[in-house]
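What follows is calculated from the coordinates using simple rules that are stated; it is not laboratory data. What you see is a predicted model; the values in this text were computed from it and never measured. Cβ coordinates were reconstructed from backbone atoms using ideal geometry, including for glycine residues, and neighbour counts include every protein chain displayed.
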Amino acid sequence: MPSRVTVPEGLDLGALIGAVQANCHLSDAHHAGDLTMCTFLLKMRELYRWEHDLGFASELPKAAIGEWMAARERLWERIESDDYIPLPLPRGPLDPFAGTHINTALDAHDLVYSGGYGRGCKPHFFLARKHAEMQRDGMRILVAGCEYARDLDAPPGMLLDDTIFIRTEALRRWLWERYEEWRWNQRNAALGRALACYPFAEDVDVALDAMTACETESVILHELGEAQAGAALGPAWHDLLAEVMKTRAEIMLRALRDLYADSLSALPGLLARGGPAALHFYFANLVGMRRTLAPTLAAAYEHWLGTGDLEPLHQAAEAGRMTWRALLDECLTLPARTPPDQLAAAVSARLAPAS
């Protein structure tokens, strides 16, 4: 946690940070067990680094981390039945999920807040110094800098209603995690190519700053695509997803929507930029089900690597946009109130040909 905080006039920043962090702890108490053990340990290491304001080059003390983790788990056990608490603001407390009203109250203090739900219905909260604000494609984009409160899992980009939140500190830490992953296990060739575009061997901080600046635009493009996909698919998407929660069909549907969203904004934007670093990093993250559902896109990337020709990538992105949207539309026409197991099987059957 940042050690130096400038207190805005008329706002009890300490109380606000405490309330947001308390809600972060409660969210973690409910959902930390949703992570795989490997992911959990990695995120706990980086949360410890953040809370203790340690640089990325600092070696983490194993014994101290172990004691801290045990204490954190005891805290989670004590509070897991608590309720989320309202946030203390100058004009009175507000529900922690009333993000629009809270940000209106914080505008004059150059702070940005978010309280919403992520994957698996996990609440995510953060409070940060506002770095920038802009409008793009009808969306308000709030770019956060130094973070004062956060939970265990810190998504670099989030979309809530008509606002996109970009967390540059969380993005920088996630990029550090990817760099560490590469140092431990150099199996992701595309990740290696992306990292090679930055001077990690000479100065990790300089490299992370440059990579964060580049990938901030990529995160914005992805979230703009998510907004477009949400508008195109409508509320029926959420109804369908609720029917297949925690099944293989949910994994397939989420991957399909991610690909469709990227075909609307991220891929056209990346190809227009033409920079190799961002393209390599996109394909470094095209893994699992998303890669299975996009074989033509992966093949076009390999073609570009060998020839420098971007045209097959343009073609694959455009063809994918039509294919992925058609598959989503088919899934959305499934009968209402279909039993979840039958619905999951039907969704999997419709998506299977795309693999």
Rel. contact order, % - alpha carbon contacts under 8 angstrom, at least six apart, the range 204-354: 32
May I ask for the angle, rounded to the nearest 10°, between helix 168-184 and the longest principal axis of the chain, with both axes built from Cα atoms and the value confined to 0 to 90°? 70
Roughly how big is the chain's charge dipole about its Cα centre, with Cβ charges of +1 (Lys, Arg) and -1 (Asp, Glu), in debye to the nearest 20? 620
Hey, fewest Cβ within 10 Å first, where do LEU111, LEU11 land in order? LEU11, LEU111
Sequence order, the range 81-88: Karplus ³J(HN,Hα) from phi using 6.51 cos²θ - 1.76 cosθ + 1.60, θ = phi - 60°, Hz rounded, Gly and Pro as x, gives 9, 6, 9, 5, 9, x, 9, x
Distance from the range 192-262 to the range 134-156 (C-alpha centre basis), Å: 14
Please state the charge dipole magnitude for the range 204-354, taken about the Cα centre, from unit charges on C-beta atoms (+1 on K and R, -1 on D and E), reported in debye and rounded to the nearest 20. 500
Mind checking which of CYS331, ALA19, ALA194 is farthest towards the positive end of the chain's charge dipole, using Cβ charges of +1 (Lys, Arg) and -1 (Asp, Glu) about the Cα centre? CYS331
Most exposed to least, judged by fewest other Cβ atoms within 10 Å, LYS130, LYS62 sort to LYS62, LYS130
For the Cα atoms of the chain, what angle does the longest principal axis make with the long axis of helix 37-51, in degrees from 0 to 90, nearest 10? 40
Using only the alpha carbons, work out the radius of gyration and Dmax of the chain in angstrom. 21.0, 61
Between ALA144 and residues 5 or more places away or on another chain, which pairs have amide H atoms under 5 Å apart, with H built 1.01 Å from N, and which residues are they? HIS131, ILE166, ARG167, THR168
Sorted peptide list for 308-315, 245-252, criterion being average Cβ within 10 angstrom, highest first: 245-252, 308-315
Could you run the Karplus curve 6.51 cos²θ - 1.76 cosθ + 1.60 with θ = phi - 60° over the range 200-217 and give me ³J(HN,Hα) per residue in whole Hz, x for Gly and Pro? 4, 5, 8, 7, 4, 5, 4, 4, 5, 4, 5, 5, 5, 4, 5, 6, 4, 5
Give me, ordered by chain and number, the residues 5 or more places off SER114 or on other chains with an amide H under 5 Å from its own placed amide H. PHE126
What three numbers, in Å, describe the spread of the alpha carbons of the range 210-355 along their principal axes, ordered from the longest? 48, 27, 22
Please label the shape of the range 77-144 as rounded, prolate or oblate, based on the square roots a ≥ b ≥ c of the eigenvalues of the alpha-carbon gyration tensor (a/c under 1.5 means rounded; beyond that, a/b larger than b/c means prolate, else oblate). oblate
